[in-house]
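The values are calculated or read from the model by the stated rules, or taken from the named source; none is laboratory data. None of the values given here were measured: they were computed from a predicted structure. All Cβ positions, glycine included, derive from the backbone under ideal geometry; neighbour counts span all protein chains shown. Accessible surface is based on the protein model in full, side chains and every heavy atom, while ligands, DNA and RNA are left aside. Shrake-Rupley method; radii C 1.70, N 1.55, O 1.52, S 1.80 Å.
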Amino acid sequence: MDNPRPEKVAVVDEIRERIAATEAVVITDYRGLDVPSLADLRRQLRTAGGEYKVYKNTLTRFAARELDLDLDSVLVGPTALAFVGTREDGTPGDAVSLAKALCQYADDSRFLTIKGGVIDGQVISADDVSALSKLGTRSELLSEIVGLLEAPMTEMAGLLEAPLVETAGLLDASLVEMAGLLESLSEKSAAA
């Protein structure tokens, strides 16, 4: 950019900072989406913890180059960027939730097309975004990990408890038997 206008420099800085600061960015072609459809898409992305923003391809290209990202092949035609952000309830979004929301919307709409993206500073393809959308969300994965950690502990507790329960049962049976013997002896000595 030879002698760029300050407002363009500010937009390039904004794009660069947003890409650098977020966990993931998904790049889409929104050609054919009308204003109500874009509003619906933005609402769905906010629910998933994402934000959808349209920038000029040229400015996005400059920002990507400053981050050493080669996005030239996907920055063609009407392009919008979906960033991981914060959900409406204030919890942080994640790349999987963003990819799921976009892929679901793309499946339901004949107009939205996923072109690719960036995850943790690495350029990914549209197929990678689709594969990402099939993973479990952060909370689902954490639940699975907790379950995996809890299962062996529960099994260990059961294994440790079993001999104690068995011993308690044997002691209980022995005490019942001893009580019966004592009662029998007591009856014999009372009869004698």
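Numbers at a glance
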quantity: Over segment 1-100: Rg over Rh, Cα atoms, Kirkwood Rh; calculated: 0.98
quantity: Per residue accessible area of segment 64-192, 1.4 Å probe, in Å²; calculated: 67
quantity: Residue-span extension gain [A151 to D120] - 0.36 nm each, minus C-alpha spacing; calculated: 7.9 nm
quantity: Calculated FRET value between A162 and L142, using beta carbons and R₀ = 45 Å, to 0.05; calculated: 0.90
quantity: Choice from V176, V146, V129 with maximal GNM fluctuation in the chain (Cα, 10 Å cutoff); calculated: V176
quantity: Spatial separation of Cα centroids for segment 85-107 and segment 28-63, in angstrom; calculated: 13
quantity: Cβ-based net charge around K115, under 14 Å, with every Lys or Arg adding one and every Asp or Glu removing one; calculated: -3
quantity: Pair-distance profile P(r), taking every C-alpha pair of segment 70-111, with 5 angstrom steps and integer %; calculated: 5, 18, 19, 24, 20, 10, 4, 0
quantity: Calculated SAXS-style log₁₀ I(q)/I(0) at q = 0.16 Å⁻¹ - segment 42-117, Debye, Cα scatterers; calculated: -0.62
quantity: Sparse-neighbour loop sites [GluC sites (Glu not before Pro); segment 2-108; at most 14 other C-beta within 10 Å; DSSP]; calculated: E88
quantity: Charge tally in the Cβ shell below 13 Å around G158, where Lys, Arg are +1 and Asp, Glu are -1, G158 excluded; calculated: -4
quantity: Under the span-like rule (Cα at least 24 Å along the axis, Kyte-Doolittle mean at least -1.0), DSSP H helices of the chain; calculated: 138-191
quantity: D89-K134 FRET efficiency (beta carbon distance; Förster radius 30 Å; 0.05 resolution); calculated: 0.75
quantity: Taking segment 101-192 and dividing mean pair separation by its residue count, relative contact order in percent (alpha carbons under 8 Å, at least six apart); calculated: 13
quantity: Label zone at A190 (point 7 Å along Cα-to-Cβ), backbone N below 11 Å, segment 167-183; calculated: 183
quantity: From the C-alpha gyration tensor of segment 89-192, square roots of 5λ in Å; calculated: 70, 13, 10
quantity: Cα→Cβ-extended label distance, 7 Å offset, between D68 and A39, nm; calculated: 4.4
quantity: Segment K56-T113, length gained on full extension (0.36 nm per residue, minus Cα span); calculated: 18.8 nm
